[in-house]
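*Asks:* Could you have a look at this structure, given as structure tokens, before my questions?
The values are calculated or read from the model by the stated rules, or taken from the named source; none is laboratory data. For clarity, every value in this text was computed on a predicted model and none was experimentally measured. A quick note on method: Cβ atoms are made from the backbone with ideal geometry, for glycine too, and the neighbour counts reach across all protein chains shown.
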Amino acid sequence: MRQKRAGKVIFYNRLSTIQLFNISEICGCQVMDKFQLILEIFAKRATTRRSKLQVELARLKYEIPRARAIVSLVKKEERAGFMGLGDYEDAYEQDLKKRIARIEDELESAGKDDESLRAFRHRKGFSLVALAGYTNAGKSTLFNAIVNESVEARNMLFTTLVPTTRALDLGGRKALLTDTVGFIEELPHWLVDAFKSTLDEIFLSDLILLVVDAGEKPETILQKLSTSHDTLWDRIQGVPIITVLNKIDLLEEAQLEALMEEIGYMAPNPVFVSAKKKIGMQELKDEIIKHLPAWSFYSFSLPNSEKGMSVLSWLYDEGIVHRVEYGERISVDYEAREDIINRIKSLELNPDEQG
Ligand SMILES: Nc1nc2c(ncn2[C@@H]2O[C@H](COP(=O)(O)OP(=O)(O)OP(=O)(O)O)[C@@H](O)[C@H]2O)c(=O)[nH]1
Ligand SMILES: [Mg+2]
């Protein structure tokens, strides 16, 4: 390792604290196991406040036994008698525990922020599309192949807010596409909450693109589809899923047909693409447009009262207010998803004036 001047060594298998310590002594560089690497990736990809907190929580909990072991290793090396180390040990562990308690408190209020992020984007007229799927399926490659780079610069706000979200040009319809962390086999239980929180973007979305590596064995694909559906269906309600069969450049036409016979029943709204070769990009965009919740215009008025004002503030959250005029009544030109328009109509604010 020293000869290769490695800056970091990553082990596939789990390492005990003592192993980590000893190996890093030998290598003279940072050593981590697969799970610490996963945590590092989650930390980079956490976008909502809640997911950031969940990842930090997992990290701190992982740190406690390690901190204890490392301190006692150092203690052994330096021999007892080193003043204050016992105190340091306690203080560090106490500090970790305090931070854990604080994060657990914060998590209780974090849900609301996610909701406001969703509202913020809808208000700008964007529909939200999320990429989901197992690791290595090709989500990031697809993301880069279909997002509109020139739009990115104009949407700096989103770029800085969420680095993995970009505007998607759908010929008139405004959408934001979000790349997410890949599903991983056999995730240890202490990482599950952190992992699920990185999927928050998926659960805030209007449409899910479930990316599948079509080059894998049909049994593997079926098993991954089934796990993905289990993970997603827990928390999505009525959000459509498009199954994107990626890497079709690896298959002959006949192979693809045979594959679909085996997995078709598990693959809703299938689209065949090669993200790498940019095959099927337009077909995918067409399918996305087809499944996006429709937006429409509606002009109406609200009573100029406390109730009317609270409806108005809800309207701002859910869509675009093109014009608002305050008179005896509040008159509004509005654009939003059809389900929102239907809810306004069902409010029966003053049926005579609506049109
Ligand atoms: N042959 C072929 N390879 C592809 C295609 N799309 C992606 N790949 C390759 O598949 C590998 C994984 O691609 P990524 O885009 O990083 O996959 P991912 O789903 O984002 O993976 P995670 O971020 O780990 O969840 C890379 O080596 C890509 O070059 C494709 O259409 N055809
Ligand atoms: Mg990726």
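*Asks:* Would you pick out the residues in segment 252-297 that are closer than 30 Å to R337 by Cβ and in a loop (DSSP other than H, G, I, E, B)?
*Replies:* A267, P268, N269, P270, V273, A275, G280, L292, P293, A294
*Asks:* Working only within segment 222-246, note down all residues that are in a helix (DSSP H, G or I) and out of contact with any Ser or Thr (no Cβ under 8 Å at 6 or more places or on another chain).
*Replies:* The answer is L222, Q223, K224, S226, T227, S228, H229, D230, T231, L232, W233.
Per-residue answers, yes or no, for (1) modelled with pLDDT under 95; (2) in contact with a strand residue (DSSP E or B) (Cβ under 9 Å, 6 or more places away or on another chain); (3) not small (G, A, S):
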site	(1), (2), (3)
E325	no, yes, yes
A336	yes, yes, no
S346	yes, no, no
L349	yes, yes, yes
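Residue-wise test of (1) at positive phi; (2) modelled with pLDDT of 95 or more; (3) not polar (S, T, N, Q).
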site: A214; (1), (2), (3): no, yes, yes
site: W233; (1), (2), (3): no, no, yes
site: K247; (1), (2), (3): yes, yes, yes
site: F272; (1), (2), (3): no, yes, yes
site: I279; (1), (2), (3): no, yes, yes
site: F297; (1), (2), (3): no, no, yes
site: V311; (1), (2), (3): no, no, yes
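*Asks:* Scan segment 189-207 for residues that are buried (at least 24 other Cβ atoms within 10 Å of the Cβ) and either at pLDDT 85 or above or not assigned by TED's automatic domain parsing to the domain that holds A175 (or both) and jot them down.
*Replies:* The answer is S205, and nothing else.
*Asks:* E185 is checked against (1) within 13 Å of ligand 1 (Cβ to nearest atom); (2) modelled with pLDDT under 80; (3) closer than 18 Å to T47 by Cα; (4) surrounded by fewer than 19 Cβ atoms within 10 Å (Cβ to Cβ) and fails just one. What number does that condition carry?
*Replies:* Every listed condition holds for E185 apart from (3).
*Asks:* Could you give every pair whose Cβ atoms fall below 7 Å, whose first residue belongs to segment 252-280 and is assigned by TED's automatic domain parsing to the domain that holds L209 and of a type in the set (S, T, Y), and whose second residue is surrounded by 19 or more Cβ atoms within 10 Å (Cβ to Cβ) and part of a helix (DSSP H, G or I), counting only separations of at least 6 or pairs across chains?
*Replies:* What qualifies is S274/I248.
*Asks:* Looking at segment 198-206, can you tell me whether even one residue there is more than 19 Å from S274 (Cα to Cα), in a helix (DSSP H, G or I) and more than 16 Å from ligand 2 (Cβ to nearest atom)?
*Replies:* The answer is yes; a qualifying residue exists.
So that you can scan it fast, the table gives a plain yes or no per residue for (1) away from ligand 1 (no atom under 16 Å from the Cβ); (2) within 30 Å of T243 (Cα to Cα); (3) assigned to a helix (DSSP H, G or I); (4) modelled with pLDDT of 80 or more:
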site: M83; (1), (2), (3), (4): yes, no, no, no
site: Y88; (1), (2), (3), (4): yes, no, yes, no
site: A91; (1), (2), (3), (4): yes, no, yes, no
site: L96; (1), (2), (3), (4): yes, no, yes, yes
site: D113; (1), (2), (3), (4): yes, yes, yes, no
site: L117; (1), (2), (3), (4): yes, yes, yes, no
site: G133; (1), (2), (3), (4): no, yes, no, yes
site: A153; (1), (2), (3), (4): yes, yes, yes, no
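*Asks:* With the structure loaded, tell me whether D193 is part of a helix (DSSP H, G or I) and either under 11 Å from A132 (Cβ atoms) or without any contact (Cβ under 8 Å) to a residue 12 or more places away in the chain (or both) or whether it fails that test.
*Replies:* No; evaluated as a whole, the condition is false for this residue.
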